[in-house]
Amino acid sequence: MKRNLCLLLALSAGIWWMRQSSIIGAMAAMEKNAFTPDAIQYGPAPSFVRPGAQLAVLEGDPMASTGDYTVRLKMPDGYRIAPHWHPKRENVTVISGTFRVGMGDHFEESGMLTFPAGSFAYLDPSMHHYAMARGEVVVQIHGMSPVKFNYINPDDDPSRK
């Protein structure tokens, strides 16, 4: 009887220890896959957008030949993205600030829609659009790699300068 009780206690302790190890392991993995706003590291945005914006890659590689990606783009007040389109669907969530978006081949502020924090929009491939930040704006963009900007007017492409 004592032997069975000792065996049961040892087994219970072993199971408890394995569960704790699994929880600790899951928490360590989550630290690499989950981010609080203050832990997000921003750097310069790629050359296909004008200088002044900052980019943080949260998941994947937006420039890879395939795969999922999630990025955040931080833009200062008045920042503009000239009319362009993407060959793949773009999913955009406004995290903070007010993001203004227009559709078409010419930047026309009067025709832009206003999206406050919490807004979501998706743009199907080849939809011609442009954007502007009102106040400091952070948007989260996710989709399938690779990210490609095709500017309507090639002179608007900052990577060509």
Kindly establish whether P83 is in contact (Cβ under 8 Å) with a residue 60 or more places away in the chain and closer than 16 Å to N153 by Cβ. yes
Residue pairs within 8 Å by beta carbon, gap of at least six or interchain, first lying in region 97-117 and over 14 Å from Y79 (Cβ atoms), second polar (S, T, N, Q) and surrounded by 14 or more Cβ atoms within 10 Å (Cβ to Cβ), listed first then second, are T114/T98; F115/T98; P116/T98; A117/S96; A117/T98
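Residues checked against (1) within 13 Å of the chain's Cα centre (by Cα); (2) closer than 24 Å to P154 by Cα; (3) at pLDDT 95 or above:
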{"site": "A53", "(1), (2), (3)": "no, yes, yes"}
{"site": "A64", "(1), (2), (3)": "no, yes, yes"}
{"site": "R72", "(1), (2), (3)": "yes, no, yes"}
{"site": "G78", "(1), (2), (3)": "no, yes, yes"}
{"site": "V94", "(1), (2), (3)": "yes, no, yes"}
{"site": "E108", "(1), (2), (3)": "no, yes, yes"}
{"site": "P116", "(1), (2), (3)": "no, no, yes"}
Report, by residue number, each residue of region 82-133 that is out of contact with any Asp or Glu (no Cβ under 7 Å at 6 or more places or on another chain) and of a type in the set (D, E, K, R). K88, E90, R100, D105, E108, E109, D124
Within region 59-79, count every residue that is outside any loop (DSSP other than H, G, I, E, B), crowded, with 16+ Cβ neighbours inside 10 Å and in contact with a Phe, Trp or Tyr (Cβ under 8 Å, 6 or more places away or on another chain). 3
Just wondering, is there one or more residues in region 33-45 that are surrounded by fewer than 17 Cβ atoms within 10 Å (Cβ to Cβ) and either touching a helix residue (DSSP H, G or I) at 6+ places or on another chain (Cβ under 7 Å) or closer than 21 Å to N150 by Cα (or both)? yes
So in region 131-151, with the set limited to residues that are closer than 14 Å to L73 by Cβ and either in contact with a Gly (Cβ under 8 Å, 6 or more places away or on another chain) or not assigned by TED's automatic domain parsing to the domain that holds S65 (or both), which one is surrounded by the fewest Cβ atoms within 10 Å (Cβ to Cβ)? E136
Have a look at R19, R100 and point out the one that is modelled with pLDDT under 95, out of contact with any Gly (no Cβ under 8 Å at 6 or more places or on another chain) and not acidic (D, E). R19
How many of the residues in region 129-151 are part of a loop (DSSP other than H, G, I, E, B), within 14 Å of the chain's Cα centre (by Cα) and closer than 19 Å to P83 by Cβ? 1
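The values are calculated or read from the model by the stated rules, or taken from the named source; none is laboratory data. Only a predicted model underlies this, so the values are computations on that prediction, with no experimental measurement involved. Neighbour counts run over all protein chains shown; Cβ positions are idealised from the backbone, glycine included.
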